[in-house]
Ligand code: CAA
């Protein structure tokens, strides 16, 4: 019996690599996305992984979306909360909308998604929840008070839910990627990336999405039941937490 995995933000960037890696390991995978229909259709055509469109910052939309996934594939055994956005600005220029968008999408989504799957996981006595946080939630990052706060919040959420769910066979872990070669990082101003970020990465390069996907596969496995409440850093040595 193959397990069902749902990856939010699963049609591009790190999420797409996670969805593909889980499929390669035999999971029945669903990929959620919010807006980019063209990228989602391309991803679906390339991988055969079904795609489901909804906004993870909406509690109701998550409920409806998860219902649709479960009707198509069966109950969700593995939830990967990967969807995330940036709205970088120094705090003295940040608008309330930039703050709220990042908090609601990156952190609010953990409540919105987990709340709809946790009861089923508890009843079935099995679940794997993997939250994709960030190095910038661990160390803070100039220009990212919103993003760093949300990503740090994800780590707290992970540790609390891990305690609640442990006895029900549900593990909850966070992964903190460093700077990974995706559209999100490519959007950082080129001179900032080259002068202020790359020199701080001891391995001398950005990470690749597939390297984060390997971490998810490890934590999602049936035999990873000992590992819960953990924060797995994958950042090329940039920051030791
Ligand atoms: N590290 C160190 N210095 C930085 C920096 C960074 N990440 N970002 C900006 N700076 C420096 C700039 O080099 C500049 O220095 P100088 O005055 O000496 O030239 C100074 O801060 C001000 O920067 P800007 O002139 O660019 O000011 P701005 O107000 O126009 O923009 C900013 C500020 C929004 C922070 C912009 O520089 C920016 O977007 N920086 C990148 C922020 C960042 O690292 N975001 C991470 C995105 S990737 C991600 O989030 C994925 C993940 O999980 C890791």
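Among the criteria (1) within 16 Å of the ligand (Cβ to nearest atom); (2) over 21 Å from residue 154 (Cβ atoms); (3) assigned to a loop (DSSP other than H, G, I, E, B), the one residue 194 does not fulfil is (3).
Residues that are part of a helix (DSSP H, G or I), within 16 Å of the ligand (Cβ to nearest atom) and closer than 15 Å to residue 66 by Cα within segment 76-123 comprise 109, 110, listed in sequence order.
Condition check: within 10 Å of the ligand (Cβ to nearest atom), at pLDDT 95 or above, over 20 Å from the mean Cα position of the chain (by Cα) and surrounded by fewer than 17 Cβ atoms within 10 Å (Cβ to Cβ). Does residue 226 satisfy that? Criteria not met by residue 226. Filtering segment 1-35 to residues that are crowded, with 24+ Cβ neighbours inside 10 Å and over 14 Å from residue 73 (Cα atoms) leaves 8, 9, 10, 11, 14, 15, 16, 18, 19, 22, 33. Say whether the condition of being over 15 Å from the mean Cα position of the chain (by Cα), in a helix (DSSP H, G or I) and surrounded by fewer than 18 Cβ atoms within 10 Å (Cβ to Cβ) is met by at least one residue in segment 199-219. Among the residues of segment 199-219, at least one is over 15 Å from the mean Cα position of the chain (by Cα), in a helix (DSSP H, G or I) and surrounded by fewer than 18 Cβ atoms within 10 Å (Cβ to Cβ), which makes the answer yes.
Taking segment 124-148 only, how many residues are more than 11 Å from the ligand (Cβ to nearest atom) and crowded, with 17+ Cβ neighbours inside 10 Å?
To start, the set of residues in segment 124-148 that are more than 11 Å from the ligand (Cβ to nearest atom) comprises 124-131.
Filter again for crowded, with 17+ Cβ neighbours inside 10 Å, leaving 126-131.
Qualifying residue count, segment 124-148: 6.
Of everything in segment 104-123, what is surrounded by fewer than 17 Cβ atoms within 10 Å (Cβ to Cβ) and out of contact with any strand residue (DSSP E or B) (no Cβ under 7 Å at 6 or more places or on another chain)? Give them in sequence order.
Taking segment 104-123 as the starting set, the residues that turn out to be surrounded by fewer than 17 Cβ atoms within 10 Å (Cβ to Cβ) are 111, 115, 119-120, 122-123.
Residues satisfying the conditions are 111, 115, 119, 120, 123.
Checked against (1) on the phi > 0 side of the Ramachandran plot; (2) touching a residue at least 40 places away in the same chain (Cβ under 8 Å), residue 140 meets all criteria but (2).
The number of residues in segment 153-191 that are within 18 Å of residue 109 (Cα to Cα), part of a helix (DSSP H, G or I) and within 16 Å of the ligand (Cβ to nearest atom) comes to 4. Scanning segment 78-97 for residues that are more than 22 Å from residue 176 (Cα to Cα) and in contact with a helix residue (DSSP H, G or I) (Cβ under 8 Å, 6 or more places away or on another chain) yields a count of 2.
The values are calculated or read from the model by the stated rules, or taken from the named source; none is laboratory data. Bear in mind that the values here come from a model prediction, so they are computed numbers and not experimental data. Quick reminder, even Gly has a Cβ in these numbers, built from the backbone with ideal geometry, and neighbours come from all protein chains shown.
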